[in-house]
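Engineer: This structure is in structure tokens; I'll ask about it shortly.
The values are calculated or read from the model by the stated rules, or taken from the named source; none is laboratory data. Predicted model only: the values in this text are computed from it and were never measured. FYI the Cβ positions are ideal-geometry reconstructions off the backbone, even for glycines, and counts take in every protein chain you see. What goes into the accessible areas is simple: the full protein's heavy atoms, side chains included, and nothing from ligands, DNA or RNA. Shrake-Rupley method; radii C 1.70, N 1.55, O 1.52, S 1.80 Å.
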Amino acid sequence: MKKLLAILAILPALAFAWQPNKPVQVYVGFAPGSGNEISFRKASQIVEKNNPGVSFVIENKPGADSVVSQNQLFAAEKNGLTISVPSHMSLFVTNDIWQSDIKKFDYDSFNNVVTLGQSPLALVAKTSSLIDTPQQFLATVQSAHRPINIAVGGGAHQMAYEYIMLKLKGDRTKIQAVRYQGPQQAVTAVAGDRDVEFGIMPIAIARPLIEAGKVKLVGLTGNRVPEKIPGARLLEDSVPGISVYAGWMVSLPPGTSKEIINWYQKEFSRAIQSQEYQSWARDNYILLPTDQLTVDGVKQYALTLRKNFGPIIAELSKQKGN
């Protein structure tokens, strides 16, 4: 009888514990095919399996390096039925440089509950390019003996380009970044646009075209090579400090209740730690930082990014005239 009474006492709490009771609208601030989208799709599929009746509907809202979608999230209802999947570097760093005049939020406005993964950025080249190594690419940038177009599709990718240009004092009249609506569009341009020789995008997105022989991998940012691509060269060896990653997280509007935040943090961290997601991440060259599975963990990473890239923010803001 005591056990029965204890169960009955718990049931009301379980019955009224929060979870989405309608399809959740998910904003992705890039064109289809971004790391934000592919990582969320995989994680949300596992969350849906773990929670029958819960569903997510993704809406791609490309524009201003995800500021369009984050502006909408900033004004959304705080009922847990509208979320987004922003990028670390964009939200925490580069939106303050290139989108400061249109964004309605601060870097710490949102409730960012978990990191879905991080991908080193790949520097890729046309298969016809004579450049094969990071050293050859960087020597070409420094010499500026010919015009070069580099495709980028997001804030982290742009930051990697800017970091290289600042460190090497590159000639921006000849070595130019060409902005696309997303990383998939950027790597496709390298493969097919005769005027674009290089591109910078997450290795997770570049992988299919690299494996198909449509583009070639020149080097990776960061200081760690994913186990699936042993032998890949690091740009770090020639440009120390270029630890730029593409990373993606689940974000809720400011003012969202603790109960809703806790549900998202618990269910998505559970999905990320599953064997299914871990295997998928390895196969897609995605790294999973275990210290970013909580709100505080993501917050600390935001502070680390802003500290590490503070001098770059200041220099680029000065150039822009902010």
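Engineer: For the stretch 191-201, check the following and say yes or no: at least one residue is part of a helix (DSSP H, G or I) and out of contact with any Cys (no Cβ under 9 Å at 6 or more places or on another chain).
Structural biologist: Looking for residues that are part of a helix (DSSP H, G or I) and out of contact with any Cys (no Cβ under 9 Å at 6 or more places or on another chain), one finds at least one in the stretch 191-201, hence yes.
Engineer: Okay, next question. Restricting the first residue to the stretch 23-37 and requiring it to be farther than 15 Å from Asn79 by Cα and hydroxyl-bearing (Ser, Thr, Tyr), which pairs with a second residue that is at pLDDT below 95 and crowded, with 24+ Cβ neighbours inside 10 Å meet a Cβ separation below 8 Å and a spacing of at least six or different chains?
Structural biologist: Listed pairs, sorted by first residue: Ser34/Gly153; Ser34/Gly154; Ser34/Gly182; Ser34/Pro183; Ser34/Gln184; Ser34/Ile205.
Engineer: Would you mention how many residues in the stretch 108-121 are buried (at least 18 other Cβ atoms within 10 Å of the Cβ) and at pLDDT 95 or above?
Structural biologist: Residues meeting the conditions: 8.
Engineer: Give me the residue from the stretch 267-294 that is open to solvent by less than 40 Å² (accessible area, probe 1.4 Å) and aliphatic (A, V, I, L, M) and, out of that set, farthest from the chain's Cα centre (by Cα).
Structural biologist: Ala271
Engineer: Something else: When the residues of the stretch 76-105 are narrowed to those that are over 15 Å from Leu116 (Cβ atoms), of a type in the set (Val, Ile, Thr) and crowded, with 17+ Cβ neighbours inside 10 Å, which ends up modelled with the highest pLDDT?
Structural biologist: Looking at residues that are over 15 Å from Leu116 (Cβ atoms), of a type in the set (Val, Ile, Thr) and crowded, with 17+ Cβ neighbours inside 10 Å, I get Thr82.
Engineer: Given the condition part of a helix (DSSP H, G or I), on the phi < 0 side of the Ramachandran plot and touching a residue at least 24 places away in the same chain (Cβ under 8 Å), answer yes or no: does some residue in the stretch 232-239 qualify?
Structural biologist: Yes: the stretch 232-239 contains one or more residues that are part of a helix (DSSP H, G or I), on the phi < 0 side of the Ramachandran plot and touching a residue at least 24 places away in the same chain (Cβ under 8 Å).
Engineer: Val295: closer than 21 Å to Asn36 by Cβ, modelled with pLDDT under 95 and of a type outside the set (D, E, K, R), yes or no?
Structural biologist: In short, no.
Engineer: Further question: Does the stretch 200-220 hold any residues that are open to solvent by less than 10 Å² (accessible area, probe 1.4 Å) and touching a Lys or Arg at 6+ places or on another chain (Cβ under 9 Å), and which are they?
Structural biologist: Passing the criteria: Val215, Val218, Gly219, Leu220.
Engineer: Would you tally the residues in the stretch 157-188 being open to solvent by 10 Å² or more (accessible area, probe 1.4 Å), outside any loop (DSSP other than H, G, I, E, B) and small (Gly, Ala, Ser)?
Structural biologist: The number of residues fulfilling the criteria is 1.
Engineer: If you don't mind, there's one more thing I want to ask. For residues that are small (Gly, Ala, Ser) and closer than 18 Å to Pro289 by Cβ, scanning just the stretch 223-274, find the one that is modelled with the lowest pLDDT.
Structural biologist: In this case the residue turns out to be Ser243.
Engineer: Any residue at all in the stretch 243-262 that's within 27 Å of Ser129 (Cβ to Cβ) and part of a helix (DSSP H, G or I)?
Structural biologist: No, every residue in the stretch 243-262 fails to be within 27 Å of Ser129 (Cβ to Cβ) and part of a helix (DSSP H, G or I).
Engineer: Looking at Ala246 and the list (1) open to solvent by 10 Å² or more (accessible area, probe 1.4 Å); (2) within 16 Å of the chain's Cα centre (by Cα), which single condition is not satisfied?
Structural biologist: The single condition Ala246 does not satisfy is (1).
Engineer: Within the stretch 160-215, restricting attention to residues that are of a type in the set (Val, Ile, Thr) and touching a Phe, Trp or Tyr at 6+ places or on another chain (Cβ under 7 Å), which residue is nearest to Ile97 (Cα to Cα)?
Structural biologist: Residue satisfying both the conditions and the ranking: Ile200.
Engineer: Okay, next question. Can you find, within the stretch 133-147, the residue that is surrounded by the most Cβ atoms within 10 Å (Cβ to Cβ) among those that are part of a helix (DSSP H, G or I) and of a type in the set (S, T, N, Q)?
Structural biologist: That would be Thr140.
Engineer: Output yes when any residue across the stretch 116-132 is touching a Lys or Arg at 6+ places or on another chain (Cβ under 8 Å), at negative phi and assigned to a helix (DSSP H, G or I), and no when none is.
Structural biologist: no
Engineer: Looking at the stretch 175-195, is at least one residue modelled with pLDDT under 85 and over 25 Å from Lys61 (Cβ atoms)?
Structural biologist: No, the stretch 175-195 contains no residue that is modelled with pLDDT under 85 and over 25 Å from Lys61 (Cβ atoms).
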